[in-house]
Amino acid sequence: PLFLTYQTAATWTRDENNLGVGMAQWKASKERKNLFLVAPSYPVTDKGGHLDANGSRWMGWQFAKVATWSSVHRRRWRPVEPVKVEQVGKAIYIAYHVPYPPLRFADIYVANAATIYADKGFRVQDDSGYLTISAVEIVSPHVVKITLASEPTGTAYVWYADKTVHSGGGNLCDSDPTVTDDLYQYLPDSGMYAGANIAALVDKPYPLANFSIAFRLPAGFTE
């Protein structure tokens, strides 16, 4: 049988165990041929953690897209995920598997607020602590470059979608043009919060770009 899962992220991720739950979900999807990691949970709308009505439909459409990809088109699904992390001086390069190149940065929704982070959701840690990030840029359809203010000492670890600074989210996604048949709806008489009345989304299809999984990986990682 085919198993589809999302990656636990946003409010429910934890830095104290190095994103242990999300990393375990990713690892399981790499080890089992019948388990696909559809997407992380952080990009869509929620009520402070639990997905709201629109967020649930939005995520449901992602599951339907991946189910079609695998069951109808008979293709193995892989989300936007890192395949290599390399450090060169003050620069760290992260190569990704990208279902629909090129990579790009886009807003996510933290609760109902459209959010884009200056560092796009990345942190870098070395033996001395967390390092200052000078820039995060996309340098090829599959590669992100992080420029640091100083060269790491010891082993550098790259975090993406940590809880402490980024509420378990980040802004890196692919260019999948797929949109849904359903439209985002604001129904105040059905118990929806006023914050769900988002002009950029109301009465529009849900976009189905694929956002990067959350991860913590050392420089030198390669799949």
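Please treat every number below as a calculation from the coordinates, not as lab data. The shown structure was predicted, so the numbers you read here are calculated from the model rather than taken from an experiment. As a convention, Cβ positions derive from the backbone with ideal geometry for all residues, glycine included, and neighbour counts pool all protein chains shown.
Details
- Candidates per trypsin sites (Lys or Arg not before Pro) in the stretch 60-126, loop by DSSP, up to 12 other Cβ within 10 Å: Arg74, Arg75, Arg76
- Once the Cα atoms are used to define both axes, helix 20-31 deviates from the longest principal axis of the chain by about 90 degrees.
- Using C-alpha pairs under 8 Å with a sequence gap of at least 6, the mean separation divided by the residue count of the chain gives a relative contact order of 25 percent.
- Kirkwood hydrodynamic radius of the chain, Cα pairs, Å: 17.9
- GluC sites (Glu not before Pro) within the stretch 1-99, DSSP loop, no more than 15 other Cβ atoms inside 10 Å: Glu16
- Report summary: the helix-based calculation at 222 nm, which adds -39500 (n - 2.57) for every DSSP H run with n ≥ 4 and divides by the residues of the chain, gives -4000 deg cm²/dmol.
- Stretch gain in nm, segment Tyr130-Lys30, where the contour uses 0.36 nm per residue and the Cα spacing is subtracted: 33.1 nm
- Packing around the peptides 140-149, 124-133, 43-52, taken as the average count of other Cβ atoms within 10 Å per residue, puts them in this order, highest first: 43-52, 140-149, 124-133.
- Nearest-ten-degree value, helix 53-67 long axis tilted from longest Cα axis of the chain: 70
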